[in-house]
1. If I filter region 71-92 for residues that are more than 24 Å from residue 246 (Cβ to Cβ) and out of contact with any strand residue (DSSP E or B) (no Cβ under 8 Å at 6 or more places or on another chain), do I get at least one hit?
2. For residue 107, all conditions in the list (1) at pLDDT below 90; (2) touching a Ser or Thr at 6+ places or on another chain (Cβ under 7 Å); (3) surrounded by fewer than 18 Cβ atoms within 10 Å (Cβ to Cβ) hold save one; what is the number of the exception?
3. Does region 46-55 hold any residues that are hydrophobic (A, V, I, L, M, F, W, C) and surrounded by fewer than 22 Cβ atoms within 10 Å (Cβ to Cβ), and which are they?
4. Inspect region 50-67 for any residue being more than 25 Å from residue 83 (Cα to Cα) and among the hydrophobic types (A, V, I, L, M, F, W, C) and give the result as yes or no.
5. Report whether or not residue 203 is open to solvent by less than 40 Å² (accessible area, probe 1.4 Å), at pLDDT 75 or above, within 26 Å of residue 19 (Cα to Cα) and hydrophobic (A, V, I, L, M, F, W, C).
6. Tally time: how many residues in region 205-239 are assigned to a helix (DSSP H, G or I) and within 14 Å of residue 3 (Cα to Cα)?
7. Those residues that are out of contact with any Ser or Thr (no Cβ under 6 Å at 6 or more places or on another chain) and outside any helix (DSSP H, G or I), I need them from region 11-38; list them, please.
8. Mind listing whichever residues of region 140-172 are exposed (fewer than 15 other Cβ atoms within 10 Å of the Cβ), part of a helix (DSSP H, G or I) and β-branched (Val, Ile, Thr)?
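The values are calculated or read from the model by the stated rules, or taken from the named source; none is laboratory data. As the structure is a computational prediction, the values presented were derived from the model and not from experiment. Note that we place each Cβ from the backbone using ideal geometry, even for glycine, and neighbour counts take in every protein chain shown. All accessible areas refer to the heavy atoms of the entire protein, side chains included, with ligands and DNA or RNA removed. Shrake-Rupley method; radii C 1.70, N 1.55, O 1.52, S 1.80 Å.
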Amino acid sequence: MSFPVADLLTRWVVSPFGTALAVALAVGYAIALRAGRSRGHRVGVLRTLAFLGLGVGSLVLATDGGLAADRGHSFVAAAAQSAVLAAITPVGLALGDPVGVARRALGGGVQRLDRVLSGRVARVVMFPLLASVVATAVHLLLFVTPWLADSLRDGWLREATYAVLLGTGVLFTLPLLADELVPEWCTAGVRVLIGFADGLFDAVPGVVVMASPALLGAPVAAYLAAPDPLWQQRLGGGAMFGIAEAVGLPLLAATVLAWVRADAKEAAAVDARLDAERAERTAEVAETAGRETPVAEPLLDRPWWETDPRFAHRRPHP
């Protein structure tokens, strides 16, 4: 049976994991925003909308909306739901900068958060390239093993599946957009390369499911009852591929924008340091010459061949 798009907003179920997490994220983010605002820190409207709308909103639709309600009898709904949890929800949450919001809200208690995030285990688990490979492997295993069929029969396994898909996605996306969660050598440029590689990795599960010549995973009676189960599987793989790539491009654009901002910040810092050195050198030259005003031609502004001692004997004397 195919997935009616109208069911996305008209059919609802209750997911213990999805509902509890959505409430916790929304309430926690609002409290953190208020605490940060009381300390003079403000978060842009777009970041707030990304976290609450794209992040929490997609979580609710995927775990409590029509995708969750129809996953038991529609392979397309199950495939689309997995892609939303693995890609859209993590990106929405990461764009809201939850780490930065939490740091500003904690104030003096930020050292405890920093110790947790800078630990060796956290650094390894959240390294973007490793997390991307793990997230891709988990998403693929859901469809090529009996995992999906078992999750349709077992409610606790279903909720655990939601948590695993979302968790592996967040472990990749969050460090990719937060400087505090990656090693110093993983610069903005390196993260752009990782984001590009992830765009290729994300396509793998959808392509495998879509291009498979036979049905994958354990048989599901409701899926087999469709007029053409293999065609439904290909539609589901196409949905996975489309969602992953639709999210991958904005994510790559976000990493490129972060790279541009990092370069601009670094350039400003270098210019400020050079200006300070120039002013200090000018003051030293003025003091040596016994004058209170700066010299007309600072030493650092002169051509390099005039200040290089190797060419001093070649300069014409006035």
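1. Within region 71-92, one or more residues are more than 24 Å from residue 246 (Cβ to Cβ) and out of contact with any strand residue (DSSP E or B) (no Cβ under 8 Å at 6 or more places or on another chain).
2. Checking residue 107 against (1) at pLDDT below 90; (2) touching a Ser or Thr at 6+ places or on another chain (Cβ under 7 Å); (3) surrounded by fewer than 18 Cβ atoms within 10 Å (Cβ to Cβ), the one that fails is (2).
3. Within region 46-55, 46, 49, 50, 52, 54 meet the criteria.
4. no
5. So residue 203 does not fit the description; no.
6. Selection size over region 205-239: 12.
7. The answer is 11, 12, 13, 14.
8. 144
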